[in-house]
Amino acid sequence: MPTPESFPIEKIFVPTKQKKTIKPEIVAQIAESILDIGQQAPIFVRLDGDRLVLVEGLHRLEACKALGETTILGVLVPAEIAQHKPQLAERPEVEAERIKMARLKQLRLEKEAAEASTAALKGAGATEAQRFRPTKGVRDNPKASPGRTAKSKPKSLSDWITQQKGSGGRY
């Protein structure tokens with residue numbers, strides 16, 4: 001396998017058919033990974049006259065463009081190998097990169113779900129507390145005197161007399 005070398009990004013031609021397969025979320029994930037640990041897997045390019053044609057690594061190329069890079073790590077492959085592109089995808093380091101990106105995506109999704117769940121629980125707890133707050137009325141007021149409540153019954157004769165005096169009634 002040839003050793004990776006640095007290629008100018010502006011000199012790499014991406015076929016129209018490949019451009020249509022760009023997934024922005026994958027480009028963003030790879031860009032974050034490149035910022036954290038650098039480019040780990042080279043792209044594959046082939047010569048076509050005086051230009052370089054991308055064979056494999058569209059999302060890595062786009063991630064480097066998004067980060068403002070002017071060069072990218074790549075491997076120049078012969079046109080015969082470029083025609084057998086599926087063989088390149090079966091390489092262990094390419095598969096390892098895909099697995100790593102899938103794992104990073106899964107971790108990010110789990111983190112976002114946990115944050116959303118926590119926020120929802122906090123929001124629901126506040127509304128539950130507000131919704132079930134008892135309203136204060138005369139009957140719920142412990143300071144209200146027994147004579148002033150609508151249907152309070154005196155517990156003793158002296159309570160009844162006191163209640164009658166307070167209401168202006170005769171006994």
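Any read-out appearing in this document is the output of simple, stated calculations on the displayed coordinates, not a laboratory observation. Predicted model only: the values in this text are computed from it and were never measured. With ideal geometry, Cβ positions are generated from the backbone for all residues, glycine too; neighbour counts draw on all protein chains shown.
FRET efficiency for L47 and E69, Cβ-Cβ distance as r, R0 = 30 Å, nearest 0.05?
Values: r = 21 Å, r/R0 = 0.71.
Approximately 0.90, to the nearest 0.05.
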For Q106 and I37, what does the FRET efficiency come to when R0 = 22 Å and r is the distance between their Cβ atoms, rounded to the nearest 0.05? 0.80
From the phi angles alone, apply the Karplus equation (6.51, -1.76, 1.60; θ = phi - 60°) to segment 161-166 and give each ³J(HN,Hα) in whole Hz, x where the residue is Gly or Pro. 5, 4, 5, 5, 5, x
Please report the net charge: other residues with Cβ closer than 15 Å to the Cβ of K19, K and R +1, D and E -1. +3
Along segment 33-43, Karplus-curve 3J(HN,Hα) (6.51, -1.76, 1.60; θ = phi - 60°) to the nearest Hz, with x for Gly and Pro, reads 5, 5, 5, 6, 10, x, 6, 8, 10, x, 8
To the nearest 0.05, the calculated FRET efficiency linking A79 and E10 through their beta-carbon distance, R0 being 30 Å, is 0.85
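Take the residue pairs K19/K105; K100/K122; K20/K105; K23/K100; K19/K100 and return only those whose Cα atoms are more than 27 Å apart.
With Cα atoms farther than 27 Å apart: K100/K122.
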In order over segment 110-123: 3J(HN,Hα) from phi, Karplus 6.51/-1.76/1.60, θ = phi - 60°, whole Hz, x for each Gly or Pro, gives 5, 5, 5, 5, 5, 5, 5, 5, 4, 5, 5, 5, 5, x
